[in-house]
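Questions regarding the structure given below will be posed in turn.
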Amino acid sequence: MIGITILSLLPPKSGLEIQSNDKINHFVAYACLTFCGLAANIRKRAFGVVLLFILYGILMEWLQGFVPGRDQSFFDTIANMLGVGIGFIINRSMRRLSFMN
């Protein structure tokens, strides 16, 4: 979360701007965050973790509106949410497979 927060809130001219496809970056970052968050979730409360990361993604996009040179993006928010969903699906699929073996 710290890395996503830093990359989300740094001004574009900071030297740490990661280019390529912005929506893919959002998607992958939130998928990894959710997968790892669920893997570390000791109480196995997936709904709370997923809700937390969705709200976190919305918050980061909203806060970007206050950073000079950055804009809020509805499509970035959608990419964040899709990443959370895929991270959840991959985590659950891997848990099921590990119980079958």
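Among the residues in segment 44-61, are any in a loop (DSSP other than H, G, I, E, B) and touching a helix residue (DSSP H, G or I) at 6+ places or on another chain (Cβ under 6 Å)? Show your work before the answer.
The first filter runs over segment 44-61 and keeps only residues in a loop (DSSP other than H, G, I, E, B), leaving 44-45.
When the remaining residues are screened for being touching a helix residue (DSSP H, G or I) at 6+ places or on another chain (Cβ under 6 Å), the result is none.
Taking every residue of segment 44-61 in turn, none turns out to be in a loop (DSSP other than H, G, I, E, B) and touching a helix residue (DSSP H, G or I) at 6+ places or on another chain (Cβ under 6 Å).
Filter segment 24-39 for residues that are more than 11 Å from Asn91 (Cα to Cα) and surrounded by fewer than 16 Cβ atoms within 10 Å (Cβ to Cβ); which is modelled with the highest pLDDT?
Ranking the candidates gives Val28 first.
I'd like the full set of residues that are at pLDDT below 90 and either among the hydrophobic types (A, V, I, L, M, F, W, C) or in contact with an Asp or Glu (Cβ under 7 Å, 6 or more places away or on another chain) (or both), limited to segment 7-21. Spell out how you get there, then give the answer.
Taking segment 7-21 first, the residues at pLDDT below 90 are 7-8, 10-21.
Result: Leu7, Leu10, Leu16, Ile18.
Determine the pairs where a residue that is over 14 Å from Ile78 (Cα atoms), located within segment 46-57, has a partner that is loosely packed, with under 12 Cβ neighbours inside 10 Å with Cβ atoms under 7 Å apart, the partner being 6 or more residues away or on another chain.
So the pair list comes out empty.
With respect to Ile89, determine if the residue is under 19 Å from the mean Cα position of the chain (by Cα) and more than 19 Å from Ser8 (Cα to Cα). Explain how you work it out, then say what you get.
Working: under 19 Å from the mean Cα position of the chain (by Cα): yes; more than 19 Å from Ser8 (Cα to Cα): yes.
Taking the combined requirement at face value, the residue satisfies it.
Taking segment 62-77 as the search range and keeping residues that are without any contact (Cβ under 8 Å) to a residue 24 or more places away in the chain and part of a helix (DSSP H, G or I), which one is nearest to Ala31 (Cα to Cα)?
Per the criteria, the residue is Thr77.
The values are calculated or read from the model by the stated rules, or taken from the named source; none is laboratory data. Quick caveat: nothing in here was measured; it's all calculated off a predicted structure. So basically every Cβ, Gly included, is an ideal-geometry build from the backbone, and we count neighbours across all protein chains shown.
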